1. Kindly establish whether TYR98 is over 28 Å from the mean Cα position of the chain (by Cα) and under 30 Å from PRO169 (Cα atoms).
2. In the set VAL158, VAL148, which member is in the same structural domain as ASP130 (by TED's automatic domain parsing) and either surrounded by fewer than 20 Cβ atoms within 10 Å (Cβ to Cβ) or assigned to a helix (DSSP H, G or I) (or both)?
3. Does CYS25 satisfy the criteria of being buried (at least 20 other Cβ atoms within 10 Å of the Cβ) and part of a loop (DSSP other than H, G, I, E, B)?
4. Being more than 20 Å from GLN15 (Cα to Cα) and at pLDDT 90 or above is true for just one of SER145, SER74, SER96. Which residue is that?
5. Pick out the one residue from ILE414, ILE396, ILE405, ILE371 that is in contact with a helix residue (DSSP H, G or I) (Cβ under 7 Å, 6 or more places away or on another chain), under 30 Å from SER478 (Cα atoms) and of a type in the set (Val, Ile, Thr).
6. Have a look at ILE476, ILE469, ILE397 and point out the one that is among the aliphatic types (A, V, I, L, M), under 37 Å from the mean Cα position of the chain (by Cα) and part of a helix (DSSP H, G or I).
7. Residue check: is GLY100 of a type in the set (Gly, Ala, Ser) and under 17 Å from LEU282 (Cβ atoms)?
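The values are calculated or read from the model by the stated rules, or taken from the named source; none is laboratory data. Note that this is a predicted model, so its numbers are computed, not measured. Cβ placement follows ideal geometry from the backbone for every residue including glycine, while neighbour counts extend to all protein chains displayed.
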Amino acid sequence: MAFKTVKIGLEVHCQLTSLKSKLFCPCPTDYRGKPPNTNVCPVCMGEPGTLPVLNKEALRSAVMIALALHSDISKFTYFTRKNYFYPDMAKNFQISQYDGVGGAPLAKGGYVVLNNGKIVRIRRIQLEEDPARLVYEGSIDTAPSALVDYNRHGIALVEIVTEPDMSSPEEARLFLQKLRSILEHLGVFDGELEGAMRCDANISLEGGVRVEIKNISSYKEVERALMFEITRQSSLLSRGIKIARETRFWDERRRITVSLRTKETEEDYRYFPEPDLPPILLTDELLDEIKRKLPMLPDERRRIFVEKYGVSEQNADVLVSDKALADLFEKCLEHYSNAQGLSSLLVGDLLAQLHSLNMSVKDVKASPSQIARLLKLLDDKVLTGLSAKTVLREMIITGEDPDSIVQKRGLHRISNMDMLNELVDQVFAMNPKAVEDALVNEKAVHFLVGQVMRMTHGKADPNLVREIIEDKLGKIKSNKVG
């Protein structure tokens, strides 16, 4: 759904989860699950007399991201202090980079092409440290108290700022999904980690001003927050009420945005070069080295899936949207040659089962060879499609071989004609009205087939069942005519 009068730009903060230490100190990055305020040191807490030291791997990772997004790298760059008093910054300033007059962020320009063909331009890419985590007690709009956990304070962040090129909440979601896939293919980011990607969304409607929505935590929540804000601003404008230029908070529980504060200007932050860190000079040799080591990215991988393996474009889009899923597809291809059939199983049945189990692709216990074996059982008509779904679900959870599951649960396809004839007779006897309807209505035939499948728990051969039903219906018609 497109909104012609809407402009949306995103500021995306991505943790470099592949690093072992924070951006400017040796504290480890595996802070999740640790007791609050235990993953800290004098440097990241900004104690007097301490000096930051740049994590060189963080710089290399940020350059990789900029190259992958087709951005222009700044060969001369430096860090700046972004000054503000807030409890999530122990130093009362954040070491970041500045894009204003005299500033030098890591990269400018670039673009991302969405699956719908829309090009979203990148404004800048910068490297900075993550603030602490605030845990609110009470409602955000009733003066709540807040607890501060500094464990993630100082984690390396790459901030990616787009131009306001998105015209709908759906496009904002598509952009974040594509960006996550690129970062995961680079090996610098794990999108499944809680809080690894956070987003500020800037939105304006024709006749209004730009409003910022802070710290949205997921793709779906970005879409929901923007939909709410469109409704809110449209309602105000239709009544002649001026939109305030402000920063708002997305309350996931109530699914509304709440006013936080008047939008700051650049002057409020009093940017100036960080005196404790030297400028960064990126040589052509270093950039060429990083460029040579860039892995295959989603767009190229998608092209190969379509052109080399014959996968449909729709399936290829879904496969490359999740690096773990694309990796699983390629590993399964080593054991099974029908790429389109394999992609359909992964994109359809596998993802549906994972969604119902609240699991990710990385949680799947079935091996690629076991998944390939399940497909061969389907090809050999040992299983029906319904039975295969049952087997796949158990494989995902337990990692047990499909043959063992089929044998243990008695899931072999029923193709004995005498048995199927008897079952169809039973269904006809129990559903006389449906039989009459089936003589003139194709949908009633589907119903009768479904009843046989239900009686056999999905094990009957559906094609044979349909043949038997249509044959019996033909005889009934003949008798009536006679």
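1. Working: over 28 Å from the mean Cα position of the chain (by Cα): yes; under 30 Å from PRO169 (Cα atoms): yes.
Spelling it out, TYR98 is indeed over 28 Å from the mean Cα position of the chain (by Cα) and under 30 Å from PRO169 (Cα atoms).
2. Checking each option against the conditions leaves just VAL148.
3. Details: buried (at least 20 other Cβ atoms within 10 Å of the Cβ): yes; part of a loop (DSSP other than H, G, I, E, B): yes.
Spelling it out, CYS25 is indeed buried (at least 20 other Cβ atoms within 10 Å of the Cβ) and part of a loop (DSSP other than H, G, I, E, B).
4. Details: SER145 fails: at pLDDT 90 or above; SER96 fails: more than 20 Å from GLN15 (Cα to Cα).
Within the list SER145, SER74, SER96, the selection yields SER74.
5. Values: ILE396 fails: under 30 Å from SER478 (Cα atoms); ILE405 fails: under 30 Å from SER478 (Cα atoms); ILE371 fails: under 30 Å from SER478 (Cα atoms).
Exactly one residue qualifies, and that residue is ILE414.
6. Working: ILE476 fails: under 37 Å from the mean Cα position of the chain (by Cα); ILE469 fails: under 37 Å from the mean Cα position of the chain (by Cα).
None of the other options fit; the residue is ILE397.
7. Numbers: of a type in the set (Gly, Ala, Ser): yes; under 17 Å from LEU282 (Cβ atoms): no.
So GLY100 does not fit the description; no.
Results for (1) at positive phi; (2) at pLDDT 85 or above; (3) assigned by TED's automatic domain parsing to the domain that holds LYS365; (4) in contact with a Ser or Thr (Cβ under 9 Å, 6 or more places away or on another chain), shown as yes or no for each residue.
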{"position": "GLU400", "(1), (2), (3), (4)": "no, yes, yes, no"}
{"position": "GLN426", "(1), (2), (3), (4)": "no, yes, no, no"}
{"position": "LEU439", "(1), (2), (3), (4)": "no, no, no, no"}
{"position": "ALA444", "(1), (2), (3), (4)": "no, no, no, no"}
{"position": "VAL449", "(1), (2), (3), (4)": "no, yes, no, no"}
{"position": "GLY458", "(1), (2), (3), (4)": "yes, no, no, yes"}
{"position": "LEU473", "(1), (2), (3), (4)": "no, no, no, no"}
{"position": "LYS477", "(1), (2), (3), (4)": "no, no, no, no"}
